[in-house]
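A short worksheet on the structure shown next.
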Amino acid sequence: MSLLPASVMKAETGSSLPTSFSKRTISVDPFIRRLEQAVKISDMQREAIHSLAINRLDIAGHQDFVGQTSDAGFLVVSGLACRYATLPDGTRRIASFILPGDLVRSSAPLRSGMPWRIRALSACSVVEILHSDLHALCRSTAAVGLGLRRIVQDDLDRTRAWLLNDSRPAPKRIAYLLCELHARLDVVGFAGQNECELSLSQADVADAAAVSHNHANRILQALFSERFLSLCRQKLIITDVRRLREFACFDPFTAICENRRDEDEHLFESPR
């Protein structure tokens with residue numbers, strides 16, 4: 001069973017902004033929402049973050065992220081992407097999902113020799129941000145620097161959670177991944193309290209959970225029959241978030257570290 005049609009949209013890539021196009025019209029609101037879960041920021045700091053965007057790119061589903069500027073990273077504004085590698089036997093392994101509000105480095109060129117690439121799983125809108133501009137803002141604005149350090153810590157903790165999740169039975173492993181996606185989308189305003197729409201295919205679920213596509217199909221069918229999930233317009237819907245979290249033993253407080261804005265700030269401060 002395919003959860004999404006296999007058709008691929010035509011890619012549309014942006015170029016440098018024309019003079020008539022204001023950088024302020026490029027929204028980075030998901031990133032600001034994510035940052036505000038970690039720290040308090042002022043209106044002036046929000047404006048400074050908006051001014052970082054230099055190019056907007058519209059990337060079709062099933063296309064790799066390739067930037068136009070060598071010293072730039074991507075900030076995802078909408079859509080769903082992943083970090084993946086192709087194994088020697090030709091199979092794909094998804095190591096993490098990339099959602100609106102996430103900052104990622106360009107996947108090309110692969111100077112380090114690492115196999116990881118970034119791919120859009122659905123149509124994505126992203127903006128490019130110069131690393132030098134972001135570093136300068138962090139140096140001049142303590143709150144933004146602290147918020148980014150907390151976001152990085154959150155990403156590291158999530159990677160550790162994925163390692164632990166790999167040792168669990170496949171049905172709970174898949175349920176956990178779906179719960180994580182809901183919780184992260186909820187932080188940036190892309191999910192409701194009791195449901196969530198995901199542009200995921202069966203193959204995406206299988207490659208993230210390290211199971212065969214047939215096995216993923218059987219697990220998803222079981223989750224459908226238990227009314228954890230449903231399909232609407234070829235998109236996966238989490239219909240009962242509370243029950244799915246109980247089944248997956250998922251704790252959003254520990255999984256989404258950005259929710260802990262009141263954490264002791266000295267844990268994140270740079271040594272003097």
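The values are calculated or read from the model by the stated rules, or taken from the named source; none is laboratory data. Every value quoted in this text rests on a predicted model; they were computed, and no experiment measured them. Neighbour counts are summed over all protein chains in view; Cβ atoms, including those assigned to glycine, are modelled from backbone coordinates with ideal geometry.
The table that follows gives values for the structure above.
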| read-out | value |
| --- | --- |
| Failed condition for GLU180, given (1) crowded, with 19+ Cβ neighbours inside 10 Å; (2) charged (D, E, K, R); (3) at pLDDT 95 or above | (3) |
| Within region 192-206, tally of residues that are under 13 Å from the mean Cα position of the chain (by Cα) and either over 28 Å from GLY101 (Cα atoms) or of a type in the set (A, V, I, L, M) (or both) | 2 |
| Some residue of region 207-226 being within 25 Å of PHE31 (Cα to Cα), in the same structural domain as ARG168 (by TED's automatic domain parsing) and either at pLDDT 80 or above or over 21 Å from the mean Cα position of the chain (by Cα) (or both) | yes |
| Residue that is in contact with a Gly (Cβ under 9 Å, 6 or more places away or on another chain) and farther than 13 Å from ILE237 by Cα, where the choices are VAL152, VAL188 | VAL188 |
| Matching residues, region 68-100, being in a loop (DSSP other than H, G, I, E, B) and more than 11 Å from the chain's Cα centre (by Cα) | GLN68, THR69, SER70, ASP71, LEU87, PRO88, ASP89, GLY90, THR91 |
| Check on SER212, closer than 23 Å to LEU87 by Cβ, in contact (Cβ under 8 Å) with a residue 60 or more places away in the chain and of a type in the set (Ser, Thr, Tyr) | no |
| Selection status of GLY67, over 23 Å from TYR176 (Cα atoms), buried (at least 16 other Cβ atoms within 10 Å of the Cβ) and modelled with pLDDT under 90 | yes |
| Residues (within 16 Å of LEU220 (Cα to Cα), in contact with a Leu (Cβ under 8 Å, 6 or more places away or on another chain) and assigned to a loop (DSSP other than H, G, I, E, B)) located in region 164-201 | SER199, LEU200, SER201 |
| Cβ-Cβ under 7 Å pairs, at least 6 apart or on other chains, region 35-51 side assigned by TED's automatic domain parsing to the domain that holds LEU103 and under 14 Å from LEU148 (Cβ atoms), far side at pLDDT 90 or above and of a type in the set (Ser, Thr, Tyr) | GLN45/THR141; ALA48/THR141 |
| Considering residues of region 234-272 that are basic (Lys, Arg) and modelled with pLDDT of 75 or more only, the residue surrounded by the most Cβ atoms within 10 Å (Cβ to Cβ) | ARG245 |
| Members of region 49-62 found to be crowded, with 20+ Cβ neighbours inside 10 Å and over 25 Å from THR141 (Cα atoms), listed by number | LEU57, ILE59, GLY61 |
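Per-residue answers, yes or no, for (1) modelled with pLDDT of 90 or more; (2) closer than 21 Å to GLU47 by Cβ; (3) crowded, with 17+ Cβ neighbours inside 10 Å:
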{"residue": "SER107", "(1), (2), (3)": "no, no, yes"}
{"residue": "SER122", "(1), (2), (3)": "yes, no, yes"}
{"residue": "ILE129", "(1), (2), (3)": "yes, yes, yes"}
{"residue": "GLN193", "(1), (2), (3)": "no, no, no"}
